[in-house]
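No value in this document is a laboratory result; all are computed from the given coordinates. As the structure is a prediction and not an experimental result, all values here were calculated from the model. Positions of Cβ are generated from backbone atoms using ideal geometry, with glycine treated the same way; all protein chains shown enter the neighbour counts.
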Amino acid sequence: MPHITLPENVPGIRSLVMFRPDTGKHLYELAQALLRNDSPLSQAERELIAAYVSFRNSCIFCSMSHAAAARFLYQDENQTVDLVLKDYQQAPISEKLKALLTIAGKVQADARTVSEADITLARNAGATDRDVHDTVLIAATFCMFNRYVDGLGTLTPTDSATYAQMGERMGTLGYVLPTKP
């Protein structure tokens with residue numbers, strides 16, 4: 001049950017954005033820039049980083065919705081998402097993405113632990129400065145989003161079909177400011 005009065009039956013961050021559209025607009029613009037605008041990382045990879053960080057933060061709404069978006073974007077390789085969340089080091093992803101997920105995990109736990117060795121490992125696997133930058137910013141942003149969603153006790157659906165619909169919407173439309181529930 002939400003800790004403040006939010007639009008009824010609107011889950012997660014959508015309810016918060018509808019409660020404060022003046023700030024929500026900027027949050028959605030940031031999500032759009034990070035997860036949908038041009039980047040050397042694919043949209044699926046960026047959604048996967050968001051889902052991974054949210055999973056590590058135990059934010060059910062964000063981890064489930066962004067995992068669903070990543071599954072939608074990975075299409076025929078959608079099982080990759082669950083394998084990454086289970087153990088990314090054993091998942092069928094590139095060494096570059098593994099190195100970037102290591103960095104994202106360190107940002108989530110304690111950003112000060114990201115080391116030059118972590119960056120070198122990512123670079124040696126093919127990551128650019130932009131890849132590293134965007135990974136760190138996605139991880140840091142989702143730590144904030146996760147705390148925002150959970151700190152206000154937003155509605156968290158329990159059925160996977162709802163998340164699949166969210167994932168398809170996010171994967172198709174991106175992050176568009178909601179105007180109604």
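For the reader, a short list of remarks on this structure follows.
- Cysteines in the chain lacking any other cysteine Cβ under 4.7 Å from their own Cβ: Cys143.
- Rg/Rh for the stretch 12-173 (Cα atoms only, Rh after Kirkwood) is 0.95.
- Integer Hz, Karplus 6.51/-1.76/1.60 couplings in order for the stretch 149-154, x for Gly and Pro: 5, 6, x, 9, x, 5
- Karplus-derived 3J(HN,Hα), 6.51/-1.76/1.60, for each residue of the stretch 9-15, Hz, glycine and proline x: 6, 10, x, x, 5, 4, 5
- Helical mean residue ellipticity (222 nm; -39500 (n - 2.57) per DSSP H run of 4+; nearest 500) of the chain: -22000 deg cm²/dmol
- Cβ-based net charge around Ala125, under 12 Å, with every Lys or Arg adding one and every Asp or Glu removing one: 0
- The residues neighbouring Leu35, those whose beta-carbon lies less than 12 Å from its own, together hold a net charge of -3 under the Lys/Arg +1, Asp/Glu -1 convention.
- Karplus 3J(HN,Hα) series, Hz, for the stretch 19-34 with 6.51 cos²θ - 1.76 cosθ + 1.60 (x for Gly, Pro): 5, 10, x, 5, 8, x, 3, 6, 5, 5, 4, 5, 4, 4, 4, 6
- Label separation (His26 vs Leu177): 1.3 nm, computed from points 7 Å beyond Cα along the C-beta direction.
- Fluctuation leader among Arg14, Arg112, Arg36 - the chain, Gaussian network, Cα springs under 10 angstrom: Arg112
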